[in-house]
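All remarks here apply to the structure that follows.
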Amino acid sequence: MAFFAGGERRGDHAPRPRRSVHGVLQRRSIGAGRMNVALLRKTLRDSRWLLLACVLGAAAFEMLWVLVVSEFADDLLQLWRKIEFLRRMLRALLSVDISEDVSVTTLLAMGLVHPLLLSLNWALAIATCTRVTVGEIDRGTADLLLSLPISRSNVYLTTSIVWIAGGALIAAGAWCGLAIGQRVLDLPEAPNLWRLLIAVVNLYAFYLACAAMTLLAATVVDRRGVAVAIALTVLLVSFLVNFLEVFVPLVRHISFLGFLYYYRPVEVVRDAHWPVVPLMVLLSAAAGCWLIGWRRFATRDIPAT
């Protein structure tokens with residue numbers, strides 16, 4: 001009777017502590033933040049060797065280019081000025097005519113448009129921009145990744161941090177290679193490192209545009225190989241158009257469609273000015289491709305495997 005009269009023992013029906021909505025959301029945000037850090041670490045771990053090779057490769061190549069300039073600059077310039085075809089070939093590769101007198105700084109800037117340096121940038125952009133966005137779908141592990149307590153937007157943003165920072169490291173590596181090379185080797189005159197820095201900024205903007213275009217391609221298709229093929233096709237066509245515009249006048253009318261049209265390090269260094277319009281075009285293209293890719297990745301359907 002005492003039980004029904006309210007004499008129950010304390011603790012038998014003790015009210016459970018109420019969880020506040022703020023506390024639940026805070027714990028979820030902490031968990032999502034930890035997952036962001038874990039995903040960032042995984043992406044960095046998967047890309048670290050390629051990133052290291054590209055950065056060291058860029059620095060080593062620019063140092064070797066300084067060596068070439070210090071040893072053969074006069075002979076090469078005389079040869080180019082005497083042979084018209086070689087001068088046109090060089091103009092096609094550098095997008096600028098060097099028939100007039102040029103400085104050592106201009107000669108060093110030629111190393112920033114070498115196909116090897118461009119290939120290092122393209123390799124990192126294609127590898128990092130397709131690894132998660134389409135690589136997980138191609139491997140059939142996208143469901144596992146997207147089932148984690150992290151939104152698709154956070155996945156997209158976290159992986160973007162890697163390729164954005166990676167491009168900055170490659171650009172910094174190229175500039176450091178030039179700076180170290182000119183300190184170690186004997187050049188006819190001291191180069192202007194500030195002008196070379198402007199050209200390196202142009203290189204980084206070019207990289208961002210290429211990487212964002214690759215990222216957009218990776219959010220449209222379901223196979224990593226197809227995304228890589230699309231990116232390579234766009235980049236190679238841009239390179240081909242930039243090369244042919246010197247020999248085929250008709251190509252000049254469409255040369256502005258390629259990314260390389262807005263990457264002119266030799267012209268920037270020679271004229272000593274900031275390429276404001278090319279930088280705005282490249283950065284706008286990068287931002288547009290990145291935003292469209294983000295929208296596509298956040299709303300796309302993941303095919304069943």
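The values are calculated or read from the model by the stated rules, or taken from the named source; none is laboratory data. Bear in mind the structure is a predicted one, so any value in this text is a computation, not a measurement. Here Cβ is always computed from backbone atoms with ideal geometry, including for glycine, and neighbour counts include all displayed protein chains.
Structural remarks
Yes or no, residue by residue, for (1) within 26 Å of Y156 (Cα to Cα); (2) of a type outside the set (A, V, I, L, M, F, W, C); (3) in contact (Cβ under 8 Å) with a residue 12 or more places away in the chain:
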{"position": "I254", "(1), (2), (3)": "no, no, yes"}
{"position": "R264", "(1), (2), (3)": "no, yes, yes"}
{"position": "L283", "(1), (2), (3)": "yes, no, yes"}
{"position": "A286", "(1), (2), (3)": "yes, no, yes"}
{"position": "W290", "(1), (2), (3)": "yes, no, yes"}
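- Selection status of V248, surrounded by 20 or more Cβ atoms within 10 Å (Cβ to Cβ) and over 21 Å from the mean Cα position of the chain (by Cα): no
- Residue within segment 223-231 that is part of a helix (DSSP H, G or I) and under 23 Å from A172 (Cβ atoms) present: no
Yes/no per residue for (1) surrounded by 16 or more Cβ atoms within 10 Å (Cβ to Cβ); (2) over 26 Å from W290 (Cα atoms):
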{"residue": "L178", "(1), (2)": "yes, yes"}
{"residue": "P188", "(1), (2)": "no, yes"}
{"residue": "N202", "(1), (2)": "yes, no"}
{"residue": "C210", "(1), (2)": "yes, no"}
{"residue": "L216", "(1), (2)": "yes, no"}
{"residue": "A229", "(1), (2)": "no, no"}
{"residue": "L232", "(1), (2)": "no, no"}
{"residue": "L235", "(1), (2)": "yes, no"}
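- Any hit, segment 179-200, residues being within 30 Å of A38 (Cα to Cα) and touching a helix residue (DSSP H, G or I) at 6+ places or on another chain (Cβ under 8 Å): no
- Qualifying residue in segment 241-254 (condition: in contact with a Leu (Cβ under 7 Å, 6 or more places away or on another chain) and at pLDDT 90 or above): no
- Matching option when the condition is within 30 Å of T299 (Cα to Cα), touching a Phe, Trp or Tyr at 6+ places or on another chain (Cβ under 7 Å) and of a type in the set (A, V, I, L, M, F, W, C), among L208, L197, L235, L216: L235
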